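The values are calculated or read from the model by the stated rules, or taken from the named source; none is laboratory data. All figures in this text were calculated on a predicted structure; none of them were measured in a lab. Please note: Cβ atoms are built from the backbone with ideal geometry, for glycine as well, and neighbour counts cover all protein chains shown. In case anyone asks, the SASA skips ligands and DNA or RNA and just uses the protein heavy atoms, side chains included. Shrake-Rupley method; radii C 1.70, N 1.55, O 1.52, S 1.80 Å.
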Amino acid sequence: MTHSQDTVIVIGAGIAGLVAALSFKGLRVDIYANAPMGQGTASNWSQGGVAAAIGPGDSAAIHIQDSLIAAADIADRTAVEFIVNKARDAIHFLEHQGVVFDHNADGQYALSREAAHSFPRVARVKGDLTGPGIMAALQQQIKQRPDIQLHSGWKILDLIMHDGRIIGAFLLDPNGHVHRKLATAVILATGGVGYLYKNTSNPKTAIGEGIAAAARAGALLSDLEFVQFHPTTMAVGLDPSPLATEALRGEGAVLINDQNERFMPSIHPLAELAPRDVVARAIFAQIKSGHNVFLDCRAAIGSGFAEKFPKVFALCQNIGLDPVVTPIPVEPAAHYHMGGVVTDLSGRTSIDGLWACGEVACTGAHGANRLASNSLLEAIVFGQAAATDIMNIRMTKSPYAPRETSVINYVPHDVAMQAKELALRAMMRDRVGVIRHADDLLWAQAELEKLRQQNLSHRLGNMVLVAGMIIHMALERKESRGSHYRTDYPNLDQAWCRRQSTTMQNLMEAA
Ligand code: SIN
C-alpha cells in the first residue's frame, strides 16, 4: 500500500471527469482512468451531441418542457432548469477548450434533431464525431496543465471512509498493486451500467463500479430501475453493439421490418422520432414476433452518408455494409442509466467528501427517460459544478451516518468469472431488459442470490451488487413509466409519480 499527499481525486476520464479536472484552479488533481487515455469511456463513442436551445425559434423554456415530458413526469425540475439554463455557457466552455462545433454557411450552429426534441437542438462536431471531438480537445488541455496528473489503467476498488467522511480511495494500478490514495475530495465520474447487459452500446468498463463503491460506503442512490435502451444499435453480432445515431432518424431515416413495412407511424404520431423508450419497445416487439428490423437511410441520407455521418459510415464499412444502398440491421441495446448516486446541484453526494458527475450520478435531470443529448450537457454542467463546489466549500458534517468501507477482495477475474459475467449479462438482457415482468425479475434476483453466495472477483461482485439493486427497484416500481416497462403493470400509476431513493444498507435490511 502507498499513501499520497492530500489532493483532489477524480475517478474516471470521460467528459464529466475531464471537465471537472479542468475546472479546478489552485489544487492538485489526480485523475484515475481505468483504461488508456480515450479508451474505456462511453464519451469517446458518443455520436449525439450537446443539447442546447440556441437555434432560431427555440428557447430554454421549450427545452425544459421537452426534457420534463421525456422524463415521464418524475424529473427534478430544478435540475432540468439548472442544466438547460447553462447550456449556452457549456457550449462556450467547450469552445474555449478548443472544441469546434459544426456551423452552417451562414455562421449559425448546425443543430441536428433527435427524438422528442421540439427543435433541432443538438450541437455536434464533424457530424457524428462529437464524442471523440470533445474528448480530443479536453485531453489536449489536460496535457497542458501541470497541476493535473492523469493515471491510466487504474481501477477503483473502494472508497476510504473515516469518521463519516470519504477521505480517499483504494485503487488498483495497472500492475495489480493496491494503493491507498488520500484526498481532500473524491469525484466519481465512472460512467454507467450498460455493460451489465448482453446487448449494449457501452464499453466493457461500464459496469457501475462507481455506484458499487458509493453504495458500499452508504451513499444515497436513486432511480436505479431506469435503464435507457437505445433503439438502433447495429444487430451484427458484435459486443458491444455499434450505435446508429438517432440523428439518422432526425434526418428522415425510417425503420422497416423484413416485410419492408414501416411500423412506427401506426404506433406514435412522431413515428421514428417518438420518445426513445417507445421506439425501443416497438423494435423489440417486431423482433419478438420473428421479424428483423432495419434502419433505412437510403432515401433520406443516401450519397451524403459518409460526409454527414462519418462515424456510422465507418462502423458500417467495418462490417462490410454500405448504408447508402443497404438498410442497417438494428436492435435495442442498453445505452444510458438515468439512476445512480444521488447528488445535489453542486454534484455533492449524501456523504461528505464525495462528489459525483456524469452518468454515475443521479441529479434527477433525466427522470424515467433521458432526452437525447441531455447527458453530455449534464456531464459538462455538473463536472464544472462539482469542481466549483469543492473549491468553495467549507466541509460540514453529513446528516447521514454511512458505515465503514468494506474489505477489498482479490479473487482474479479469470475464465470462470468471465463465463459467469456473460451469463449475468444475458440474464439482464432477457429478464431485466426492455420489457419486464415480476416473474422474470424474481427469477433474476434468485440467480443473483446464488452468485452472491460464491467467492467472486471484484468486478463480478460489483456487477452482482449493482444488478441486484436495479432489480430490487424494478420490482418495487409496480407500474410502467419511461424506460421501465412491466407487462404485469403496463400503465402509469399516479401513486408512483415519484422517484425512489435508498441506500444499499436499507436494501439489505429490507431483503
Ligand atoms: C445518439 O446519437 O443516438 C445517442 C445520443 C444520446 O444518447 O444522447
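Where residues in region 345-362 are within 18 Å of the chain's Cα centre (by Cα) and open to solvent by less than 10 Å² (accessible area, probe 1.4 Å), which of them is farthest from Q47 (Cα to Cα)?
Filtering region 345-362 for residues that are within 18 Å of the chain's Cα centre (by Cα) and open to solvent by less than 10 Å² (accessible area, probe 1.4 Å), the one farthest from Q47 (Cα to Cα) comes out as W355.
Among (1) closer than 30 Å to R436 by Cα; (2) surrounded by 15 or more Cβ atoms within 10 Å (Cβ to Cβ); (3) not β-branched (V, I, T), where does L315 come up short?
Of everything listed in (1) closer than 30 Å to R436 by Cα; (2) surrounded by 15 or more Cβ atoms within 10 Å (Cβ to Cβ); (3) not β-branched (V, I, T), L315 misses just condition (1).
Out of the residues in region 259-272 that are open to solvent by less than 30 Å² (accessible area, probe 1.4 Å), of a type outside the set (G, A, S) and within 26 Å of L68 (Cα to Cα), which is farthest from the ligand (Cβ to nearest atom)?
M264
Got a sec? Which of E114, E81 is among the acidic types (D, E), more than 23 Å from Q141 (Cβ to Cβ) and at pLDDT below 95?
E114
Any residue that is open to solvent by less than 40 Å² (accessible area, probe 1.4 Å), away from the ligand (no atom under 15 Å from the Cβ), touching a helix residue (DSSP H, G or I) at 6+ places or on another chain (Cβ under 9 Å) and part of a strand (DSSP E or B) - is there at least one of those in region 54-71?
no
Hey, can you tell me all the residues within region 23-40 that are among the hydrophobic types (A, V, I, L, M, F, W, C), open to solvent by less than 20 Å² (accessible area, probe 1.4 Å) and not in a strand (DSSP E or B)?
The answer is F24, A35.
Just to be sure before I move on: is G192 within 12 Å of the ligand (Cβ to nearest atom), of a type in the set (G, A, S), part of a loop (DSSP other than H, G, I, E, B) and more than 28 Å from L270 (Cα to Cα) in the structure I sent?
In short, yes.
How many residues are closer than 30 Å to A495 by Cα, in contact with a Phe, Trp or Tyr (Cβ under 9 Å, 6 or more places away or on another chain) and within 16 Å of the ligand (Cβ to nearest atom) if we restrict to region 72-95?
Result for region 72-95: 1.
From the list L441, L448, L460, which one is within 18 Å of D223 (Cα to Cα) and among the hydrophobic types (A, V, I, L, M, F, W, C)?
None of the other options fit; the residue is L441.
Any residue in region 334-351 that is in a strand (DSSP E or B) and modelled with pLDDT of 95 or more sitting within a Cβ distance under 6 Å of a residue that is away from the ligand (no atom under 16 Å from the Cβ) and aromatic (F, W, Y)? List the pairs, counting only those 6 or more apart or interchain.
Matching pairs, first to second residue: R348/W355.
Answer with yes or no whether A214 is in a loop (DSSP other than H, G, I, E, B), in contact (Cβ under 8 Å) with a residue 40 or more places away in the chain, among the hydrophobic types (A, V, I, L, M, F, W, C) and open to solvent by less than 40 Å² (accessible area, probe 1.4 Å).
It is false that A214 is in a loop (DSSP other than H, G, I, E, B), in contact (Cβ under 8 Å) with a residue 40 or more places away in the chain, among the hydrophobic types (A, V, I, L, M, F, W, C) and open to solvent by less than 40 Å² (accessible area, probe 1.4 Å).
Here is a yes/no grid of residues against (1) under 25 Å from G468 (Cβ atoms); (2) in contact with a strand residue (DSSP E or B) (Cβ under 6 Å, 6 or more places away or on another chain); (3) of a type outside the set (V, I, T):
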{"residue": "S289", "(1), (2), (3)": "no, no, yes"}
{"residue": "G304", "(1), (2), (3)": "no, no, yes"}
{"residue": "C316", "(1), (2), (3)": "no, no, yes"}
{"residue": "V342", "(1), (2), (3)": "yes, yes, no"}
{"residue": "G347", "(1), (2), (3)": "no, yes, yes"}
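Here are some conditions: (1) touching a residue at least 12 places away in the same chain (Cβ under 8 Å); (2) in a loop (DSSP other than H, G, I, E, B); (3) away from the ligand (no atom under 16 Å from the Cβ); (4) open to solvent by 50 Å² or more (accessible area, probe 1.4 Å). F119 meets all but one. Which one does it not meet?
Exception for F119: condition (3).
Where residues in region 354-365 are small (G, A, S) and either near the ligand (Cβ under 10 Å from one of its atoms) or outside any loop (DSSP other than H, G, I, E, B) (or both), which of them is farthest from A52 (Cα to Cα)?
Checked region 354-365; the qualifying residue farthest from A52 (Cα to Cα) is A356.
With respect to the numbered conditions (1) near the ligand (Cβ under 9 Å from one of its atoms); (2) in contact with a Cys (Cβ under 8 Å, 6 or more places away or on another chain); (3) among the charged types (D, E, K, R), which one is the sole condition not fulfilled by R249?
(2)
Restricting attention to region 376-392, and to residues there that are in contact (Cβ under 8 Å) with a residue 60 or more places away in the chain, in contact with a strand residue (DSSP E or B) (Cβ under 8 Å, 6 or more places away or on another chain) and open to solvent by 10 Å² or more (accessible area, probe 1.4 Å), which single residue is nearest to the ligand (Cβ to nearest atom)?
Across region 376-392, the extreme among qualifying residues is L376.
Take region 483-498 and flag every residue that is crowded, with 19+ Cβ neighbours inside 10 Å and assigned to a loop (DSSP other than H, G, I, E, B).
S483, Y485
Does S43 satisfy being hydroxyl-bearing (S, T, Y), out of contact with any strand residue (DSSP E or B) (no Cβ under 9 Å at 6 or more places or on another chain) and not in a loop (DSSP other than H, G, I, E, B)?
Taking the combined requirement at face value, the residue satisfies it.
Please tell me if T205 is buried (at least 24 other Cβ atoms within 10 Å of the Cβ), within 20 Å of the chain's Cα centre (by Cα), away from the ligand (no atom under 16 Å from the Cβ) and part of a loop (DSSP other than H, G, I, E, B).
no
So, in region 29-53, of the ones that are within 13 Å of L150 (Cβ to Cβ) and among the hydrophobic types (A, V, I, L, M, F, W, C), which residue ends up farthest from the ligand (Cβ to nearest atom)?
Looking at the filtered set, the residue picked out is V29.
In region 225-258, what residues are assigned to a loop (DSSP other than H, G, I, E, B) and surrounded by fewer than 24 Cβ atoms within 10 Å (Cβ to Cβ)?
Matches in region 225-258: A235, V236, G237, L238, D239, P240, P242, E251, G252, D258.
Could you list, in sequence order, the residues of region 244-302 that are of a type in the set (D, E) and touching a His at 6+ places or on another chain (Cβ under 7 Å)?
If the condition is that a residue be of a type in the set (D, E) and touching a His at 6+ places or on another chain (Cβ under 7 Å), then D258 is the only one that fits.
Just one of A368, A426, A416 is within 16 Å of the ligand (Cβ to nearest atom), at pLDDT 95 or above and farther than 20 Å from A90 by Cα; which is it?
That would be A368, the only listed residue that is within 16 Å of the ligand (Cβ to nearest atom), at pLDDT 95 or above and farther than 20 Å from A90 by Cα.
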